[in-house]
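Report on the following structure.
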Amino acid sequence: HILCEFFPLVVAVFSLPSARTRTRCAPTRSNHHLSISQSTEQITLAASTSTSLHLKTSSSEDKEQRQKLGRRDRKKRLDELQKQRRRNRWMKRYGTVEALQQTFGTGPPWGDLSPTQTRSLYHTLLPRSLLALNELGLVKVEDLAPLAYEARIAAKNYARSRCVWTGRVGVFLFDQYRSLRDKGRLVKPGTSSSMSWEEIWAKYESQIIREQKERGKELDEDELMMETYMRILEKSCSTNEAVDNLFLKDEGDIDGGDISLASIASQLEKDVRAILLSPSEITKAEKTEKKLEKKQLKEREKEEKMRRKADRQKERRKRKLRW
């Protein structure tokens with residue numbers, strides 16, 4: 001009887017994923033708590049199966065409480081699994097260079113876009129639609145920041161793969177110079193010049209701490225974690241203004257090859273909702289946008305009314321001066 005009761009617990013513990021199989025995640029307490037909760041759920045599930053023979057002796061009230069608690073846990077677990085599946089779908093479509101190549105195609109080996117067109121493509125592929133989801137309050141920032149980080153790297157590498165070879169050589173030399181200046185070493189062949197998730201997290205976390213000290217404020221651990229997630233999400237949608245001024249002076253012909261930036265932007269905006277949001281969340285987003293549009297329309301009408309009023313007063317003053 002003792003073996004039958006404790007054997008499922010032993011199996012559950014040894015079946016937990018090892019540290020080698022875990023994916024890269026933010027160095028925060030939230031992921032630690034997530035892994036612990038998942039392990040606890042597996043052990044609890046095994047324990048419940050081993051003690052199922054004793055449920056007949058429990059009272060009817062205890063049975064109802066267990067069933068209600070089980071339903072809530074199962075619903076919460078199902079919602080998390082559905083969200084994770086949606087995030088995985090989005091990553092398979094926009095989160096890697098290979099995914100972007102399958103979605104938008106590949107260019108010839110020597111490239112088919114000029115530096116200006118490449119910079120415009122990079123701007124279009126930036127995950128600003130993810131930032132919009134957070135602004136609408138539909139997806140948590142801790143879920144969006146890792147997606148935005150991966151999407152930015154994928155957008156940069158994909159845009160560079162479409163650039164003409166002369167531009168790629170220039171970018172490679174600039175990356176080597178920047179790596180030597182910041183890290184004291186050159187970028188090894190076959191490795192990415194982008195900062196890792198851990199490096200980018202440490203960079204913005206220390207940046208936020210320094211800013212708060214200058215303001216005479218101090219954030220607790222949870223607030224600092226949320227601020228860091230938000231900073232990563234925002235920075236994943238921004239670009240270097242100096243580089244933009246260098247390559248985006250001429251905005252005449254920004255499309256090139258088989259690339260249409262307008263269609264790419266439209267597809268990104270459509271897919272980010274169709275993939276990451278549930279039907280009820282899509283409906284909520286549409287209603288929220290309609291409210292925002294009405295509010296913006298009223299503000300524009302109010303500004304226009306005030307401008308006309310100021311013009312009439314100015315005209316009256318002119319007439320008085322003439323008289």
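Points to keep in mind about this one:
- Region 170-177 - phi-based ³J(HN,Hα) in whole Hz, Karplus 6.51/-1.76/1.60, Gly and Pro as x: x, 5, 4, 5, 5, 4, 5, 5
- Of all lysines in the structure, the ones whose alpha carbon falls short of 24 Å from that of LYS309, not counting any fewer than 8 places away in one chain, are LYS294, LYS295, LYS298, LYS318, LYS320.
- Phi-based couplings in Hz for region 93-100 (Karplus 6.51, -1.76, 1.60; Gly and Pro marked x): 9, 9, x, 9, 4, 4, 5, 5
- Gyration tensor verdict on region 148-296 (Cα atoms; rounded if a/c is under 1.5, prolate if a/b is larger than b/c, oblate otherwise): oblate
- Rolled with a 1.4 Å probe across the full set of protein chains, the surface gives PHE172 an accessible area near 120 Å².
- Of LYS287/LYS314; LYS235/LYS302; LYS213/LYS287; LYS213/LYS290; LYS213/LYS235; LYS140/LYS270, pairs whose Cα-Cα distance is over 30 Å: LYS287/LYS314; LYS235/LYS302; LYS213/LYS287; LYS213/LYS290
- Ordered from largest to smallest accessible area (heavy atoms of protein chains, 1.4 Å probe), the residues SER114, SER192 come out as SER192, SER114.
- Computed over protein heavy atoms with a 1.4 angstrom probe, the accessible surface ordering of SER236, SER263, largest first, is SER263, SER236.
The values are calculated or read from the model by the stated rules, or taken from the named source; none is laboratory data. What you see is a predicted model, and the numbers here were worked out from it, not measured in a lab. With ligands, DNA and RNA removed, areas are computed over all heavy atoms of the protein, side chains included. Shrake-Rupley method; radii C 1.70, N 1.55, O 1.52, S 1.80 Å.
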